[in-house]
Amino acid sequence: MREKMLPLRIALTTIFTIVSFTLSLSQTVRIADNNFNAPTGPNIFPTLQAAVNAADPGDIIYVQPSPTRYGSLTSNKRLIIKGIGFNLDKDIPHQSTITNITLTNNTDNTSNASGTEIEGLTVSNIFLAPRISSAYALDDIVIKNCRTSVVAARVDIDNLLIVDTWPNIIEFFRRVTNSEIRNNLIASRITM
């Protein structure tokens, strides 16, 4: 019996490996770099919004440290957006600094930024929806190792994780479920 199961096990392992490899290929790494000496290439963008606009859902965007702020971005798709972190001892101490991040839905409400991960950025404000709305909800949002003034959730949120972050204020204007806020340095308050 064992001898008959071995080929099946090998076949299933092979199929799983091929599927996993294929799925990992569908994720593109894009780089936002606004430094004066930034390299050029097909996946390198001078603004963060240009990188977001070019990205497909699930792509990774690395935000290079810079002495210049990147401005604001709005996204209606699932992305992984990573900077260097807010540790001033890193990279002479340039940071990946952004004015505002707004996660939203698209105009016909067929997709939104659920599943987005934001990590290692200095951001003035993170808006989970541009305005208070009941038209959609955001799920599976991760904010990790960031420094921000405000995290404002303006739609229903499910599975929000805010961890190792330094926010001044966290505000929830709508329903929040299955969420975790841990190991943060909250300078002012959480409002619900």
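All of the numbers you see were taken from the coordinates with simple rules; none came from a lab. If you're wondering where the values come from, they're calculated on a predicted model, not measured in any experiment.
Structure values in brief
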{"quantity": "Length-normalised contact order for the stretch 86-192 - Cα pairs under 8 Å, 6+ apart - percent", "calculated": "20 percent"}
{"quantity": "HN-Hα J in Hz across the stretch 123-138 - Karplus 6.51, -1.76, 1.60, θ = phi - 60°, x for Gly and Pro", "calculated": "10, 4, 9, 10, 9, 8, 4, x, 8, 5, 8, 10, 6, 7, 10, 10"}
